[in-house]
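*Asks:* Take a look at the following structure, please.
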Amino acid sequence: MKIHIDIDCFFVSAARIKEPFLEGKPVAIGGRSDTKIFNKDAKKQTVNFENSGSFVPTFYKAYEEKDDDLNAFKDEDGRVRGILTTSSYEARSYGVKTAMSIREALTLCPHLIIKAPDMSLYQKLSHELHDFLSSKIPLVEQASIDEFYGDLSGWIEDKDVAKFIDDLRHEIKEKIKLPVSIGAAPTRYIAKLATSHAKPFGCRVVCSHEVQGFIEKIPVGAFSGIGKSMKAKLQSAQIHTLGELSRRRGTLESWSPYAKELYARVCGVSDDEIHAKHVRKSIGISRTFDPLYERSELKRRVHVLARHLSFAILKLKVIPTVFHLGISYEMNQKSHKNISLCEIFTEKKFDSLCLSLFNEADVHKRLHVIRISINCSSFTRESKKELSLIGFHDEQRMHRLTEHSQNIREKYGIDMLKWGSEL
């Protein structure tokens with residue numbers, strides 16, 4: 001049996017450990033892009049590569065205690081900005097949802113308590129839970145900051161799984177103070193689905209002979225791996241539930257290899273191994289801000305983002321070979337540019353490359369820009385690409401200068417050294 005462990009309302013649950021008076025109250029955690037990254041004042045920035053992803057940025061700053069309320073989300077004009085990263089079940093009863101704007105959430109629930117995120121606390125608790133699970137289960141995989149998979153095969157008899165996971169969730173609540181829900185099934189995909197039906201603070205076991213009955217009435221969009229486009233394609237074929245999908249093998253297999261694999265996953269006959277460690281394959285940085293037209297300021301912000309991302313890449317000790325820059329404009333317009341480059345990574349060259357990509361991607365010059373994103377992937381340790389030897393010695397000298405700059409920033413902060421173009 002595979003099991004899936006998910007922390008219930010993780011960020012809210014973490015806040016309640018820190019401030020117990022929040023228990024039983026409608027609470028939500030706000031989130032807002034750290035646009036202060038573009039300020040010209042130096043500041044200390046925190047970098048953490050573990051479990052970054054949705055609502056868990058690679059770059060973040062720890063909020064001070066005095067900022068830990070609604071005021072943390074007000075701009076200079078006093079307007080409340082930002083979205084919700086999660087909310088308590090008490091808040092959800094009022095219609096409050098993840099990714100909803102804070103302003104809309106307060107309209108639905110005026111007495112909603114908004115707390116600022118505490119990434120350091122989340123990482124600490126996530127580590128504690130991972131260590132605890134590793135002491136109970138032979139093979140544990142961390143899928144995200146609040147999600148884990150475990151393999152009980154050869155460790156716990158199938159007939160004992162229900163008691164094992166029930167005891168496990170109560171132990172976690174007692175020792176780490178976090179409420180979790182646990183699903184168990186023959187495959188990780190069905191186990192994750194079972195977890196969603198166990199929430200909050202519950203357990204659900206789905207045996208092999210129960211899979212078909214379990215998935216029968218579940219909407220297709222609830223299955224991990226079915227995104228908006230696949231959901232729309234399934235519904236256009238009159239496939240609305242996983243049960244209907246399981247009876248349309250020919251349709252799915254005629255579409256694509258991915259759809260064929262998806263069919264096998266839904267039916268519980270295809271699975272992936274549990275991997276104790278994941279190797280990072282990409283890293284990026286992005287910021288959303290108020291509509292901005294001035295191109296000189298936008299280019300300055302590209303320099304700032306490139307400097308921060310360069311710091312992270314050097315800290316990871318990898319050499320990316322594929323680079324992507326995306327621009328989001330007002331009026332829902334978007335543009336992006338990619339390039340592959342197999343050379344030694346230096347900050348100066350990366351900075352120039354990002355600016356060049358921005359100039360090429362900026363095709364709607366009459367529109368205001370609201371977001372810039374930069375992503376680097378296909379690291380040489382993964383892609384097996386060979387680095388170009390053209391100008392190799394000159395690049396080595398520049399790389400040594402980059403390393404010296406990196407050491408200074410490691411000690412004094414990312415903003416200690418800046419490019420003149422940022423000022």
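*Asks:* Can you spot a residue in region 198-210 that is touching a Phe, Trp or Tyr at 6+ places or on another chain (Cβ under 8 Å) and under 22 Å from V266 (Cβ atoms)? Please lay out each step first, then the result.
*Replies:* So the first thing to find is which residues in region 198-210 are touching a Phe, Trp or Tyr at 6+ places or on another chain (Cβ under 8 Å), and the list is 200, 206.
From the residues that got through so far, the ones that are under 22 Å from V266 (Cβ atoms) too are 206.
Taking every residue of region 198-210 in turn, at least one turns out to be touching a Phe, Trp or Tyr at 6+ places or on another chain (Cβ under 8 Å) and under 22 Å from V266 (Cβ atoms).
*Asks:* Any chance you could count how many residues in region 138-162 are in a strand (DSSP E or B), surrounded by 21 or more Cβ atoms within 10 Å (Cβ to Cβ) and hydrophobic (A, V, I, L, M, F, W, C)?
*Replies:* Residues that pass the stated criteria total 2.
*Asks:* Still on this structure, I have one more. Just give me the residues in region 265-297 being under 30 Å from H127 (Cβ atoms) and among the polar types (S, T, N, Q), in sequence order.
*Replies:* S282, S286, T288
*Asks:* In addition: I'm trying to understand the selection: among the residues of region 313-367, which are assigned to a helix (DSSP H, G or I) and among the small types (G, A, S)?
*Replies:* S352, S356, A361 - these are the residues of region 313-367 that are assigned to a helix (DSSP H, G or I) and among the small types (G, A, S).
*Asks:* Would it be correct to say that R287 is in contact (Cβ under 8 Å) with a residue 12 or more places away in the chain and in a helix (DSSP H, G or I)?
*Replies:* no
*Asks:* Okay, moving on. Is it true that P110 is touching a residue at least 60 places away in the same chain (Cβ under 8 Å) and over 30 Å from H209 (Cβ atoms)? Give the derivation first.
*Replies:* Details: touching a residue at least 60 places away in the same chain (Cβ under 8 Å): no; over 30 Å from H209 (Cβ atoms): yes.
No; evaluated as a whole, the condition is false for this residue.
Residue-by-condition table, conditions (1) in contact with a helix residue (DSSP H, G or I) (Cβ under 7 Å, 6 or more places away or on another chain); (2) closer than 28 Å to T86 by Cα; (3) not assigned by TED's automatic domain parsing to the domain that holds T98:
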| position | (1), (2), (3) |
| --- | --- |
| F132 | yes, yes, yes |
| I137 | no, no, yes |
| V140 | yes, yes, yes |
| A143 | no, yes, yes |
| E147 | no, yes, yes |
| I156 | yes, no, yes |
| I165 | no, yes, yes |
| H170 | no, yes, yes |
| K175 | yes, yes, yes |
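*Asks:* Which one is surrounded by the most Cβ atoms within 10 Å (Cβ to Cβ), of the residues in region 92-137 that are outside any helix (DSSP H, G or I) and polar (S, T, N, Q)?
*Replies:* So, considering only residues that are outside any helix (DSSP H, G or I) and polar (S, T, N, Q), the one surrounded by the most Cβ atoms within 10 Å (Cβ to Cβ) is T98.
*Asks:* Can you spot a residue in region 296-306 that is at pLDDT below 90 and surrounded by 13 or more Cβ atoms within 10 Å (Cβ to Cβ)?
*Replies:* Among the residues of region 296-306, not one is at pLDDT below 90 and surrounded by 13 or more Cβ atoms within 10 Å (Cβ to Cβ), which makes the answer no.
*Asks:* Just the residues that are modelled with pLDDT of 90 or more, surrounded by 16 or more Cβ atoms within 10 Å (Cβ to Cβ) and over 13 Å from L298 (Cα atoms), please, taken from region 350-400.
*Replies:* If the condition is that a residue be modelled with pLDDT of 90 or more, surrounded by 16 or more Cβ atoms within 10 Å (Cβ to Cβ) and over 13 Å from L298 (Cα atoms), then F350, D351, L353, I374, N375, C376, S377 are the ones that fit.
*Asks:* Also, I was wondering about something else. List every residue pair whose Cβ atoms sit under 6 Å apart, with the two residues 6 or more apart in sequence or on different chains, where the first one lies in region 12-29 and is in contact (Cβ under 8 Å) with a residue 40 or more places away in the chain and the second, anywhere, is of a type in the set (D, E, K, R) and assigned to a strand (DSSP E or B).
*Replies:* The qualifying pairs are A15/K115; I29/K115.
*Asks:* Of all helices (runs of 4 or more DSSP H) completely enclosed by region 174-279, which ones contain at least 3 residues that are buried (at least 20 other Cβ atoms within 10 Å of the Cβ) and acidic (D, E)?
*Replies:* none
*Asks:* So which of K337, K348, K299 ends up being more than 17 Å from D362 (Cβ to Cβ) and over 19 Å from the mean Cα position of the chain (by Cα)?
*Replies:* Numbers: K337 fails: more than 17 Å from D362 (Cβ to Cβ); K299 fails: more than 17 Å from D362 (Cβ to Cβ).
K348 is the lone residue from the list that is more than 17 Å from D362 (Cβ to Cβ) and over 19 Å from the mean Cα position of the chain (by Cα).
The values are calculated or read from the model by the stated rules, or taken from the named source; none is laboratory data. Computed from a predicted model, the values in this text were never measured in an experiment. So basically every Cβ, Gly included, is an ideal-geometry build from the backbone, and we count neighbours across all protein chains shown.
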